[in-house]
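These notes concern the structure reproduced below.
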Amino acid sequence: MALDQGTSSSRAVLFDSKGKIKGLEQREFRQIYPHSGWVEHDPLEILSTQLEVMHNVVSKNKIKPDSIVAIGITNQRETTVIWNRKTGQPVYNAIVWQDKRTIGICEKLKSMGLGAHINKTTGLLIDSYFSATKIRWILDNVSGTQSMAEKGELAFGTIDSWLLWNLTEKKIHATDYSNASRTMLFDINKLRWDNKLLKALEIPISMMPSAQPSSYSFGESNILGHKIPITAMAGDQQAALFGQACFEQGMVKNTYGTGCFMLLNIGSKIKYSKKGLLTTIAWGLDGKVEYAMEGSVFIAGAAVQWLRDGLKIIDKSEDSEYFASKVKDYSGVYVVPAFAGLGAPYWDMYARGAIFGLTRDTGKEHIIKATLESMAYQTSDVLTAMQEDTGIKISSLNVDGGASSNNLLMQFQSDILNITIERPEVVESTAIGAAYLAGIEIGLWTKKDILKFRKIQKRFEPKMNELLRKKLIKGWKKSIERTKSWIDNNE
C-alpha cells in the first residue's frame, strides 16, 4: 500500500506483486488562504482524510488487511507541521510549500551572509518554499511556542513525519533523507541536521525528526486490527523518479501535479547548479545515497484548478483539453501562472501571475489553452537549464502526474522541447515509487523486477517546425520578464 499525501488530496493505492494497481481511493481536502500569498492546510484534516482512504481502499476492494505486506509513505514536501508531543495537537495549521509569508525571514538570512553556506550544505537556495523559515515563523507568531520548543515539548515534521508519528501511535518521530533534504536545514553531504543553520534560525535540535534512508523499517501501523510494517518514506518527487525507474545517471522525469517538478538523476556524487536548479537527495537505498538535480515549477495543475475554482470557466479539470483543442492556431496569448512567485530557474519570490496578448477576439478557450501551454513552457525552461548545467543531452522525458494524461499538452510539450515524451502505463509514479521502495526493504522486489514491470503507454514525437518553436518561446520569455519583481520586497 502506498499512502500518497499530496497538496490537494490524500490517496491510498494498493499494488499487487507485479506492480499493477488493485485499488485507489482519493479524498480532496480544504485549501486555506488566510491572507494574500498565504497557503495553509489543517494537519488533522490531512490525517483524517489519509486514514479514511487507507481504510476505504482495503474495505471497498475486499482486501484482507493481513495480505498487505508493507506500507510506503510519500508526501507533499516542505509543508511544515509543528505539534505538541504530549497532546498530539498541532500548534498551528500546516504552512504549505506554496506559502510566501516568510519572504522577510529569507531576506534576513541573505543579509546574514548564509546564502553560500545554505547552497553548499543543503543543495538549496534561500527561498520561502522550504521548511526552515516556516518553522521560524510559527515559533515567532504562536504564543509560547519558542519556550515550549526549547523545553523539548514540540516536534517538527514535514507531512511524512506527521503521518508516521500518528500511524505508529505517537511512537516514531522520523523522516527520510529525501524529505530532510527539502527543509533547508539538512547537510546532504554528512546526512545530518546542520547545527549552524539551526542556530541561525534559533530552532532547537530536539524538534527535529531522526533522518533515515528512504527504504527503512520505520515502524508498524494498525489497519483494521492488523499490524503492517511501514518500510519506506520519500518526498513525492523523489518517489516519482524512483517509480519511473530512473535508476541511472542522466535519466529524467517530470511530474505534472499541483506544481511541475523535474528531477535528473546525477548519481552518487553531488553536483551544484549554476542555473538556479537545486541539488537534492533522490533516495537512500542499499546503504547508498543517490542525488538528483531538480527544477521546481510552483504552479502547474494548480493553474487549471484556478480556471475551475477561481475563474469558473471550466466545470472539471479534464474539460481543459476539450476547450483548448477548439483553438487551432497559436494566438499569441500567454498565461504566466506566477501565483506563488517563480521557481526554477528564475527564483523570483516577488513575481506575480499575468495574462499577456489579449485582444477583442480572445475567448475563454484561448486562456485555457495558454494556461495548459504554460506548463510546457515552464518545463522547457527547467530542462534547458539542466542540460546547460550538466552537459547531458536529454533526448527523452518520462512524464507522470494528473496533467500528463492530457494528450494535447503532452504533444505541445514534445513540440516545444523538440524531444520524445514517454508516458508510462501507470502514471501513478509517485505512489508506485513509494510502494517499490517499501517492497525492496522487505525483499519483495529488486530494481531489475521494477524495470520489467515498467511499460510505455504512449510516446509523443515533436511535429512543430523550428521557426514556430522559436517564435513561441520568444513570446514566453518576454512574458516572464514582465512578471518579475511585480511586488515590492517590503509589501
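The values are calculated or read from the model by the stated rules, or taken from the named source; none is laboratory data. The model shown is predicted, which means the values in this text are computed figures rather than measured ones. Here the Cβ positions follow ideal geometry from the backbone for every residue, glycine too, while neighbour counts run over all protein chains shown. SASA here: full protein model, heavy atoms, side chains in, ligands and nucleic acids out. Shrake-Rupley method; radii C 1.70, N 1.55, O 1.52, S 1.80 Å.
Per-structure values
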read-out: Flag for LEU408 being outside any strand (DSSP E or B) and either over 29 Å from ILE103 (Cα atoms) or free of Cβ contacts under 8 Å to residues at least 24 places away in the same chain (or both); value: yes
read-out: Qualifying residue in the stretch 49-62 (condition: modelled with pLDDT under 95, touching a Leu at 6+ places or on another chain (Cβ under 7 Å) and part of a loop (DSSP other than H, G, I, E, B)); value: yes
read-out: Close pairs (9 angstrom Cβ cut-off, 6 or more residues apart or separate chains): under 16 Å from GLU425 (Cα atoms) in the stretch 17-29, outside any strand (DSSP E or B) and of a type in the set (Ser, Thr, Tyr) anywhere; value: GLY19/TYR436
read-out: Per-region count, the stretch 385-411, residues open to solvent by less than 10 Å² (accessible area, probe 1.4 Å) and more than 20 Å from LYS452 (Cα to Cα); value: 6
read-out: Leading residue by the ranking (farthest from LEU342 (Cα to Cα)) among those in the stretch 25-48 that are open to solvent by 30 Å² or more (accessible area, probe 1.4 Å) and part of a strand (DSSP E or B); value: GLU25
read-out: Filter pass, ALA232 being small (Gly, Ala, Ser), assigned to a strand (DSSP E or B) and under 28 Å from LEU109 (Cβ atoms); value: no
read-out: Among the candidates SER217, SER221, SER178, SER206, residue that is assigned to a helix (DSSP H, G or I), more than 22 Å from the chain's Cα centre (by Cα) and either touching a residue at least 24 places away in the same chain (Cβ under 8 Å) or within 16 Å of THR158 (Cβ to Cβ) (or both); value: SER206
read-out: Residue satisfying all of: in the stretch 286-313; within 21 Å of the chain's Cα centre (by Cα) and within 15 Å of ILE188 (Cβ to Cβ); surrounded by the fewest Cβ atoms within 10 Å (Cβ to Cβ) among these; value: VAL289
read-out: Which listed residue, of LYS110, LYS86, LYS22, is open to solvent by 40 Å² or more (accessible area, probe 1.4 Å) and either in contact with a Gly (Cβ under 6 Å, 6 or more places away or on another chain) or in a strand (DSSP E or B) (or both); value: LYS22
read-out: Members of the stretch 385-409 found to be touching a helix residue (DSSP H, G or I) at 6+ places or on another chain (Cβ under 9 Å) and under 14 Å from GLY250 (Cα atoms), listed by number; value: ILE392, LYS393, ILE394, LEU397, ASN398
read-out: Hits in the stretch 350-380 (condition: within 16 Å of GLU481 (Cβ to Cβ) and in contact (Cβ under 8 Å) with a residue 60 or more places away in the chain); value: TYR350, ALA351, ARG352, GLY353, ALA354, PHE356, GLY357, SER374, TYR377, GLN378, SER380
read-out: Residue list for the stretch 357-379, filter: open to solvent by 10 Å² or more (accessible area, probe 1.4 Å) and under 29 Å from GLU294 (Cβ atoms); value: LYS369, GLU373, GLN378
read-out: Criterion (assigned to a loop (DSSP other than H, G, I, E, B), closer than 26 Å to ASP127 by Cα, of a type outside the set (Lys, Arg) and modelled with pLDDT of 90 or more) met by exactly one of ALA385, ALA351, ALA376, ALA344; value: ALA351
read-out: Any hit, the stretch 174-187, residues being over 21 Å from TRP38 (Cβ atoms), open to solvent by 10 Å² or more (accessible area, probe 1.4 Å) and in contact with an Asp or Glu (Cβ under 9 Å, 6 or more places away or on another chain); value: yes
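Listed here are the residues, each with its yes/no results for (1) open to solvent by less than 50 Å² (accessible area, probe 1.4 Å); (2) over 26 Å from the mean Cα position of the chain (by Cα); (3) of a type outside the set (Gly, Ala, Ser).
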{"position": "ASP315", "(1), (2), (3)": "no, no, yes"}
{"position": "GLU318", "(1), (2), (3)": "no, no, yes"}
{"position": "ASP329", "(1), (2), (3)": "no, yes, yes"}
{"position": "PRO337", "(1), (2), (3)": "yes, no, yes"}
{"position": "GLY341", "(1), (2), (3)": "yes, no, no"}
{"position": "ALA344", "(1), (2), (3)": "yes, no, no"}
